[in-house]
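Encoded as structure tokens, the structure appears first; notes follow it.
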Amino acid sequence: MPTKLTINGETRELDVPDDMPLLWALRGELGMVGTKFGCGVGLCGACTVHVDGVATRSCSTPVSSLAGKQVSTIESLAESPVGRALQQAWLDADVMQCGYCQAGQLMNATALLAKNPSPASDEITSAMAGNICRCACYKRIHAAIAEVAANGVSADA
Amino acid sequence: MRELAQTAQLSRRSLLKAGALAGGGLFLSVTLPGMAQAATGGGAAELNAFVSIAPDGVITIVSKNPEIGQGIKTMLPMLIAEELDADWDQVKIVGSDYHPTKYGFQFAGGSMSTPMNWLPMRQAGAAARQMLLEAAALEWGVAPAGLRTSKSTITDPASGRTMTYGQVASSAAKSKVPDLAKVPLKDEKDFVIIGRAIGGIDSPKIVRGEPIFGVDTQLPGMKYAAFERAPVFGARLRSADLEAAKAVPGVEDVFVIEGGDNPAELVDGVAIVAGNWWIANKAREKLKIDWDTGEWASHSSANYDAQAKKLWAEPPKDTIVEEGDVSAAFAGAAKVIEAEYHYPFLAHVPMEPQNCTALVKEDGSVEMWAPTQMPQSGHQGVAKMLGVPGEKVTVHITRMGGGFGRRLTNDFMHQAAAIAARKKGTPIQLIWSREDDLRSDFYRPAGWHKFRAAIDAEGKLTGLEDHFVTFSTKGEIPMFAQMGPKVFPAGYVPNLKYTVSQMESRVPMGALRAPQSNALSYVFQSFLDEVAAEQGSDLPTLLLSLLRGKPDEPMQRGFGGESPGFSPKRAIGVIEKAMQMADWSTPAAEGRAKGFGFYFSHNGYFAEVVEASLSRSRQPVVHHVWAAGDVGKHIINPHGALNQIEGSIIDGIGQALGLAVKIEGGAVQQSNFHDYPLPRMPVTPTIDVEFVKSDNPPTGLGEPALPPVVPALTNALHALTGKRVRSLPIDRKLFA
């Protein structure tokens, strides 16, 4: 049965097997490849998207469970002030090496700051512990989040 | 692989001569071939294969080497732009396809891109600048020698006239192409781009989620493929029942691929093609394949361990190096210490799983979008496998989500091409699952070392022995499972002998970041720490005593050209620097301890100090790492440089704390990140890095910071608990 959901503000109807994970509907059916495949079983966080604002592993979330939900992906991150501020902080700190996991890192960091705008250092660390960076840019990811947390986010950032 | 670990200083004519890399194909001897071309077209003037300048002043610089996260796409153009005297804000960087006749050698590995390109990329920039100067001089009717350049602008100091590069570019394309060997290079003190921290050129696209990686390739009509291969290494396909998989809704085709017995090329398997990769991959559950595992299904890590111990009890099969009189040293020793060390197989697990997109056209020509560190061997291998001439195979090099050496081997390119050859006219994107990636790697070889050291009555280290047990494949020790005769402290202990014995295996083995060094550093620097403790001294003191007063080793011929030999002076420089940074002589705070490690690899000298403690559950915790490195006189891009060092340090800590690939029944037991637990953010220590700038050409940083951190950690744990870590990963019960 087709599932109707909202992706980055647009209503989409997906006619895929009920158990197809959102990740593979995004990448294979909609051509939205910003969300990354890393492990397929929810262990690495590379595929993180927001479902109704909550950081969610798209590789382990069946499309059929998302009827009527609001999904947002890395492609729409710049539409939120927190997302924009984090994108800029990522560039300012030259966070990344290969960059493959960074869509997931950014989506997870945005969800963290949306919920807790001024996390303590160890709150950042534990909130980000589910996202693997194989290049181990952790020091810079942490610093970029702390930077945004310290400076706050203006609505027109 | 010792050769790859040695430097390539280029001869002045930029002639790169290279040897063969086993398993990777032959390297070409190349110059910078595109230098002879200059052309105008499409509005931009192409001054050579690397530099084009448009009338509006935008300078397009081609970055030729594969980008795996090491920062090369940003760094090579910095070298060109420096000598071109370009305004960096007007520089646009583009990646390149595989095109060795145009760009020269293109690969990512061995921390070689910096030493191999330090001179030729600057020459490419300087040659383009020379052509711009000559065109401006012609227009003004002056001699080019008197003109000055800065930030994409030419000035005639005599008249005060100026001209931008954009204004003069199209006439410059008609200038004579200068002789690279004679083109003047900048005085290094005038560098303005080299040494500047510049962010990754693709980073803005990455934070927006734009398609940029190999697996993001999308082509009209493209289909996805999954590939099922034998779990047991060395197994061959006997028969396969494909009907149930074919019946899965959405599956478009299922077929057997016949391979050979070289895992670096094509192995037997079954391909499943569908319009969505998840459907293709899931249909693998329906396959019924009968594998002929031969004798290999009996292989296991436990079995290898038992064989290694048996080999230790027998005379070694071969001698790697023998210096002085080892028997006499042990006969005359006041104290002899012995220790057995072991390290496991490791996987690379780059974040982007292996993938490749291939299109075999009706006329037999092939187009590939390949995340490969070594496009040359993939190009050659695919052409040979499909029986088409090389010029009919086009390889687009994509950005890669990590490499770490895994993508030096192009098995995934062979698979994608073999599948696409069965679906002519349809682009096929092959993607591996993470399980495929962990179970079909070319692993860092496991190894066993049995050490003995002789200490004389004065406490001096007079003799050292290592009986190394490694693997052979079809009777030969694979390149990355070898140990060379110059592994430190060879040459610095008067009586020394390294021997080797090997056992047969079909586990594929390859280069993992800092190959060989990542393991040898752990065992040698740990055992030397044991020797120092026995002497009542400490590791840096012992290292300094071995190194002081010794001359630099002579230039050596290695992969990519001549390179300086090991320099005790540079080693001492980083050892002393790290001691000072970490305040080595002052004990760590209560409940913590410091450990030391030094290693020379990939032309880089690194000494590192780790400060560690045990958690309440008695597990190792790394608090602080101090790293001192000498990679020559310039840090070309401090951003990329520091990022590589920080990443290498955490990578090494992660390996030591928890990573191992275990073989059982001839197959890898690990499958995903739950049983191959890569380090995560909570592992991250404070990291302080300082560079010791020596008067040597700059060398690469992808690898040399990793090896010393592993023994620095295990030595810190010994200082803390009195317990030696003689096997990796660190046994969680060791400190209970």
Going by the conditions given, is B:GLY378 surrounded by fewer than 18 Cβ atoms within 10 Å (Cβ to Cβ) and either in contact (Cβ under 8 Å) with a residue 24 or more places away in the chain or within 14 Å of another protein chain (Cβ to nearest Cβ) (or both)? no
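Considering only region B:121-141, I want to know if a residue exists there that is of a type in the set (Phe, Trp, Tyr) and touching a residue at least 24 places away in the same chain (Cβ under 8 Å).
Taking region B:121-141 as the starting set, the residues that turn out to be of a type in the set (Phe, Trp, Tyr) are B:140.
Okay, now just the ones that are also touching a residue at least 24 places away in the same chain (Cβ under 8 Å), so none.
No, every residue in region B:121-141 fails to be of a type in the set (Phe, Trp, Tyr) and touching a residue at least 24 places away in the same chain (Cβ under 8 Å).
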What are the residues in region B:642-685 that are under 17 Å from the mean Cα position of the chain (by Cα), open to solvent by 10 Å² or more (accessible area, probe 1.4 Å) and over 30 Å from B:ALA235 (Cβ atoms), if any? B:LEU642, B:GLN644, B:GLU646
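Identify all residues within region A:39-81 that are at positive phi, over 14 Å from the mean Cα position of the chain (by Cα) and within 10 Å of chain B (Cβ to nearest Cβ); write none if there are none. Outline the logic, then answer.
Just the residues of region A:39-81 that are at positive phi, to begin with: A:40, A:42, A:45, A:52-53, A:68.
Add one more test, that the residue is over 14 Å from the mean Cα position of the chain (by Cα), and what stays is A:40, A:68.
The answer is A:GLY40, and nothing else.
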Tell me whether region B:224-246 contains one or more residues that are assigned to a helix (DSSP H, G or I), assigned by TED's automatic domain parsing to the domain that holds B:ALA416 and surrounded by 21 or more Cβ atoms within 10 Å (Cβ to Cβ). yes
Given the condition open to solvent by 50 Å² or more (accessible area, probe 1.4 Å) and of a type in the set (Ser, Thr, Tyr), answer yes or no: does some residue in region A:73-83 qualify? no
Kindly provide the set of residues from region B:686-713 that are away from chain A (no Cβ under 11 Å) and more than 24 Å from the chain's Cα centre (by Cα), ordered by number. B:ASP695
Looking for something free of Cβ contacts under 8 Å to residues at least 12 places away in the same chain and either farther than 27 Å from B:THR114 by Cα or crowded, with 19+ Cβ neighbours inside 10 Å (or both) - is there at least one such residue anywhere in region B:162-180? yes
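Rundown of residues vs (1) open to solvent by less than 50 Å² (accessible area, probe 1.4 Å); (2) within 14 Å of another protein chain (Cβ to nearest Cβ); (3) at pLDDT 95 or above, yes/no style:
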residue: B:ILE201; (1), (2), (3): no, yes, yes
residue: B:GLU252; (1), (2), (3): no, yes, yes
residue: B:PHE255; (1), (2), (3): yes, no, yes
residue: B:GLY259; (1), (2), (3): yes, no, yes
residue: B:ASN281; (1), (2), (3): yes, yes, yes
Which listed residue is more than 23 Å from the chain's Cα centre (by Cα), modelled with pLDDT of 95 or more, away from every other protein chain (no Cβ under 14 Å) and open to solvent by 10 Å² or more (accessible area, probe 1.4 Å), from B:ALA333, B:ALA339, B:ALA416, B:ALA420: B:ALA333
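Would it be correct to say that B:ILE320 is surrounded by 17 or more Cβ atoms within 10 Å (Cβ to Cβ), in contact (Cβ under 8 Å) with a residue 60 or more places away in the chain and over 30 Å from B:GLU458 (Cβ atoms)?
Here the answer is no, as B:ILE320 does not meet what is asked.
For region A:89-105, indicate whether the set of residues that are under 22 Å from A:ARG27 (Cα atoms) and either open to solvent by 30 Å² or more (accessible area, probe 1.4 Å) or at pLDDT below 95 (or both) is non-empty. Walk me through it before giving the result.
Of the residues in region A:89-105, the ones under 22 Å from A:ARG27 (Cα atoms) are A:98-105.
Next, only the ones that are either open to solvent by 30 Å² or more (accessible area, probe 1.4 Å) or at pLDDT below 95 (or both) stay: none.
Checked against the condition, which is being under 22 Å from A:ARG27 (Cα atoms) and either open to solvent by 30 Å² or more (accessible area, probe 1.4 Å) or at pLDDT below 95 (or both), region A:89-105 yields no hits at all.
Here are some residues: B:GLU476, B:GLU504, B:GLU435, B:GLU458. Which one is surrounded by fewer than 21 Cβ atoms within 10 Å (Cβ to Cβ), on the phi < 0 side of the Ramachandran plot and within 14 Å of chain A (Cβ to nearest Cβ)? Give the steps one after another, and end with the answer.
Details: B:GLU476 fails: within 14 Å of chain A (Cβ to nearest Cβ); B:GLU504 fails: within 14 Å of chain A (Cβ to nearest Cβ); B:GLU458 fails: within 14 Å of chain A (Cβ to nearest Cβ).
The conditions single out B:GLU435.
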Is at least one residue of region B:168-191 within 11 Å of chain A (Cβ to nearest Cβ), under 28 Å from B:ASP97 (Cβ atoms) and either touching a Phe, Trp or Tyr at 6+ places or on another chain (Cβ under 6 Å) or not in a helix (DSSP H, G or I) (or both)? no
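Kindly check whether there is at least one residue in region B:683-696 that is touching a Ser or Thr at 6+ places or on another chain (Cβ under 7 Å) and more than 21 Å from B:GLY71 (Cβ to Cβ).
No, because not a single residue in region B:683-696 is touching a Ser or Thr at 6+ places or on another chain (Cβ under 7 Å) and more than 21 Å from B:GLY71 (Cβ to Cβ).
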If the Cβ limit is 7 Å and pairs must be 6+ apart or interchain, which residue in region B:571-588 that is under 13 Å from B:GLU611 (Cβ atoms) pairs with which residue that is of a type in the set (Lys, Arg)? B:ALA582/B:LYS594; B:TRP584/B:LYS594; B:ALA588/B:LYS594
With (1) under 25 Å from the mean Cα position of the chain (by Cα); (2) crowded, with 19+ Cβ neighbours inside 10 Å as the list, and B:ASP466 as the residue in question, which single condition is left unmet? (1)
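Examine region A:107-119 for a residue that is touching a strand residue (DSSP E or B) at 6+ places or on another chain (Cβ under 8 Å), at the interface with chain B (Cβ under 8 Å from one of its Cβ atoms) and within 19 Å of A:GLY34 (Cβ to Cβ), and state whether such a residue exists. Lay out the reasoning, then the answer.
Just the residues of region A:107-119 that are touching a strand residue (DSSP E or B) at 6+ places or on another chain (Cβ under 8 Å), to begin with: A:107-108, A:110-112.
Applying the additional criterion that residues be at the interface with chain B (Cβ under 8 Å from one of its Cβ atoms) yields none.
Taking every residue of region A:107-119 in turn, none turns out to be touching a strand residue (DSSP E or B) at 6+ places or on another chain (Cβ under 8 Å), at the interface with chain B (Cβ under 8 Å from one of its Cβ atoms) and within 19 Å of A:GLY34 (Cβ to Cβ).
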The residue that is farthest from the other protein chains (Cβ to nearest Cβ), considering only those in region A:130-140 that are surrounded by 24 or more Cβ atoms within 10 Å (Cβ to Cβ) and in contact with a Ser or Thr (Cβ under 9 Å, 6 or more places away or on another chain), is A:ASN131
Taking the criterion of being facing another protein chain (nearest Cβ under 8 Å), closer than 30 Å to B:ALA86 by Cβ and among the hydroxyl-bearing types (Ser, Thr, Tyr), would at least one residue in region B:215-232 satisfy it? no
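Return the total of residues in region A:90-106 being assigned to a helix (DSSP H, G or I), without any contact (Cβ under 8 Å) to a residue 60 or more places away in the chain and more than 7 Å from chain B (Cβ to nearest Cβ). Before the answer, list the steps.
As a first pass, look at region A:90-106 and keep what is assigned to a helix (DSSP H, G or I): A:90-92, A:102-106.
Right, trim to without any contact (Cβ under 8 Å) to a residue 60 or more places away in the chain and you get A:90-92, A:102, A:106.
Imposing the further condition that a residue be more than 7 Å from chain B (Cβ to nearest Cβ) reduces the set to A:92.
Looking only at that region, the number is 1.
Would you mention how many residues in region A:18-38 are under 13 Å from B:ASN281 (Cβ atoms), within 7 Å of chain B (Cβ to nearest Cβ) and either open to solvent by 30 Å² or more (accessible area, probe 1.4 Å) or under 15 Å from the mean Cα position of the chain (by Cα) (or both)?
Of region A:18-38, the ones under 13 Å from B:ASN281 (Cβ atoms) are A:19-21, A:23-24, A:27-28, A:37.
Still in the list and also within 7 Å of chain B (Cβ to nearest Cβ): A:20-21, A:24, A:28, A:37.
Those still in the list that are either open to solvent by 30 Å² or more (accessible area, probe 1.4 Å) or under 15 Å from the mean Cα position of the chain (by Cα) (or both) too: A:37.
Number satisfying all stated conditions: 1.
Among A:ALA144, A:ALA127, A:ALA150, A:ALA111, which is the only one that is of a type in the set (A, V, I, L, M, F, W, C) and either under 16 Å from B:SER203 (Cβ atoms) or part of a loop (DSSP other than H, G, I, E, B) (or both)? Write out each step before concluding.
Values: A:ALA127 fails: either under 16 Å from B:SER203 (Cβ atoms) or part of a loop (DSSP other than H, G, I, E, B) (or both); A:ALA150 fails: either under 16 Å from B:SER203 (Cβ atoms) or part of a loop (DSSP other than H, G, I, E, B) (or both); A:ALA111 fails: either under 16 Å from B:SER203 (Cβ atoms) or part of a loop (DSSP other than H, G, I, E, B) (or both).
Of the residues listed, the single one that is of a type in the set (A, V, I, L, M, F, W, C) and either under 16 Å from B:SER203 (Cβ atoms) or part of a loop (DSSP other than H, G, I, E, B) (or both) is A:ALA144.
Going residue by residue through region A:122-129, is there one that turns out to be without any contact (Cβ under 8 Å) to a residue 12 or more places away in the chain, more than 8 Å from every other protein chain (Cβ to nearest Cβ), over 13 Å from the mean Cα position of the chain (by Cα) and surrounded by fewer than 20 Cβ atoms within 10 Å (Cβ to Cβ)? Break it down into steps so the answer makes sense when it comes.
Quick first cut of region A:122-129, residues without any contact (Cβ under 8 Å) to a residue 12 or more places away in the chain only: A:122-123, A:126, A:129.
So of that shortlist, the ones also more than 8 Å from every other protein chain (Cβ to nearest Cβ) come out as A:122-123.
Adding the requirement that they be over 13 Å from the mean Cα position of the chain (by Cα) leaves A:122-123.
Filter once more, so that each one left must be surrounded by fewer than 20 Cβ atoms within 10 Å (Cβ to Cβ): A:122-123.
Scanning region A:122-129 turns up at least one residue that is without any contact (Cβ under 8 Å) to a residue 12 or more places away in the chain, more than 8 Å from every other protein chain (Cβ to nearest Cβ), over 13 Å from the mean Cα position of the chain (by Cα) and surrounded by fewer than 20 Cβ atoms within 10 Å (Cβ to Cβ).
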Apart from one, (1) in contact with a helix residue (DSSP H, G or I) (Cβ under 8 Å, 6 or more places away or on another chain); (2) of a type outside the set (Asp, Glu); (3) crowded, with 23+ Cβ neighbours inside 10 Å all hold for B:ALA137; the odd one out is (3)
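The values are calculated or read from the model by the stated rules, or taken from the named source; none is laboratory data. Predicted model, so just to flag it, every value in this text is computed and none were measured. Cβ: placed from backbone, ideal geometry, glycine included. Neighbour counts: every protein chain shown. Each accessible area value is taken on the protein alone, full model and side chains, heavy atoms only, with ligands, DNA and RNA left out. Shrake-Rupley method; radii C 1.70, N 1.55, O 1.52, S 1.80 Å.
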